[in-house]
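Undergrad: Pasting a structure below so you can have a look.
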There are 2 protein chains.
Amino acid sequence: MRDDEVGAEVNSAFERSCCPLTNALDVFGDKWTLLIIRDLVLGKKRYQEFLSSPEKIASNILADRLKKLEASGLISRRPYQQNPVRYECFLTAKGESLSPVLTAIISWSQEHYPGTRLFSSISQHETTGMKQTGESSG
Amino acid sequence: MRDDEVGAEVNSAFERSCCPLTNALDVFGDKWTLLIIRDLVLGKKRYQEFLSSPEKIASNILADRLKKLEASGLISRRPYQQNPVRYECFLTAKGESLSPVLTAIISWSQEHYPGTRLFSSISQHETTGMKQTGESSG
């Protein structure tokens with residue numbers, strides 16, 4: 001295969017190109033997905049907990065992103081109640097391995113936007129009375 | 001100020017929340033912006049060069065993202081011809097400081113998507129005959 005055929009060949013295996021950056025952005029290149037990963041890192045697990053974050057993600061966007069995160073192998077779910085069945089979400093090893101990405105982004109942002117402040121971890125999954133800084137009561 | 005007032009206070013200073021991750025994603029949280037940063041790191045400077053990348057960014061999206069990148073202080077422009085005036089783009093120090101973010105994302109992606117391949121740098125800004133792997137001829 002000639003070098004100039006690489007693009008065409010790889011585009012059949014990947015959606016946009018063979019670039020690792022591109023393929024990562026196809027997984028989490030939007031304004032919401034990494035915020036859900038952040039919330040999971042902070043200890044959130046349940047739908048209402050994600051909804052209660054100060055960025056106020058819309059319910060339909062949250063449902064879409066959780067579905068995509070599971071399809072991409074970054075999270076897994078397990079039921080915590082029946083009738084109606086409800087699920088808790090967990091980072092997989094693949095999802096947890098995004099930690100250096102979050103760290104790099106946070107470091108860059110703190111350098112250039114000095115007014116920003118990290119949220120605290122939460123120790124239990126309650127939908128009200130959370131300890132996270134800046135948490136809404138939703 | 002009480003802790004539970006932090007969210008409201010900071011939301012007036014920042015668009016969505018005081019979280020550094022959130023504010024970074026407000027700058028580059030999409031499928032295209034970091035690809036333009038990548039192209040700049042690889043040596044691309046001109047509009048047609050960005051358009052020629054294998055991901056085939058649409059012209060209106062490219063124009064929009066370049067405008068936002070300049071407004072955010074990540075790139076600067078300077079004219080390289082008159083009649084019509086055309087510009088070359090350059091990473092500012094703020095833009096260059098995204099390098100660890102790109103590195104972290106690429107490292108994660110290469111671990112989980114082993115078929116991906118890094119593009120090569122280009123040594124000169126020509127709109128045809130580029131040396132970048134996977135480059136289209138557009």
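The values are calculated or read from the model by the stated rules, or taken from the named source; none is laboratory data. Since the structure is predicted, the reported quantities are computational estimates derived from the model, not experimental observations. FYI the Cβ positions are ideal-geometry reconstructions off the backbone, even for glycines, and counts take in every protein chain you see.
Undergrad: Quick check: anything in the stretch B:78-85 surrounded by 13 or more Cβ atoms within 10 Å (Cβ to Cβ) and either in the same structural domain as B:Ile57 (by TED's automatic domain parsing) or modelled with pLDDT under 95 (or both)?
TA: The answer is no; no qualifying residue exists.
Undergrad: Please state which of the following conditions B:Phe119 fails to meet, knowing it meets all the rest: (1) more than 7 Å from every other protein chain (Cβ to nearest Cβ); (2) modelled with pLDDT of 85 or more.
TA: Answer for B:Phe119: the failing condition is (1).
Undergrad: Scanning for something surrounded by fewer than 19 Cβ atoms within 10 Å (Cβ to Cβ), within 13 Å of chain A (Cβ to nearest Cβ), in contact (Cβ under 8 Å) with a residue 24 or more places away in the chain and part of a helix (DSSP H, G or I), does the stretch B:33-41 turn up at least one residue?
TA: yes
Undergrad: Sticking with this one: Give the number of residues within the stretch B:42-75 that are within 27 Å of A:Ala13 (Cα to Cα), of a type in the set (A, V, I, L, M) and either in a helix (DSSP H, G or I) or out of contact with any helix residue (DSSP H, G or I) (no Cβ under 7 Å at 6 or more places or on another chain) (or both).
TA: 5
Undergrad: Would you pick out the residues in the stretch A:28-57 that are hydroxyl-bearing (Ser, Thr, Tyr) and farther than 15 Å from B:Leu25 by Cα?
TA: A:Tyr47, A:Ser52, A:Ser53
Undergrad: Also, I was wondering about something else. Among the residues in the stretch B:71-87, are any more than 12 Å from the chain's Cα centre (by Cα), on the phi > 0 side of the Ramachandran plot and away from chain A (no Cβ under 13 Å)?
TA: Yes, the stretch B:71-87 contains a residue that is more than 12 Å from the chain's Cα centre (by Cα), on the phi > 0 side of the Ramachandran plot and away from chain A (no Cβ under 13 Å).
Undergrad: Working carefully through the options B:Ser17, B:Ser53, find the one that is farther than 25 Å from A:Glu55 by Cα, surrounded by 16 or more Cβ atoms within 10 Å (Cβ to Cβ), at pLDDT 95 or above and at the interface with another protein chain (Cβ under 8 Å from one of its Cβ atoms).
TA: When all the criteria are applied, what remains is B:Ser53.
Undergrad: Scan the stretch A:91-117 residue by residue and report those that are of a type outside the set (Ser, Thr, Tyr), surrounded by 14 or more Cβ atoms within 10 Å (Cβ to Cβ) and not in a helix (DSSP H, G or I).
TA: A:Leu91, A:Leu98, A:Arg117
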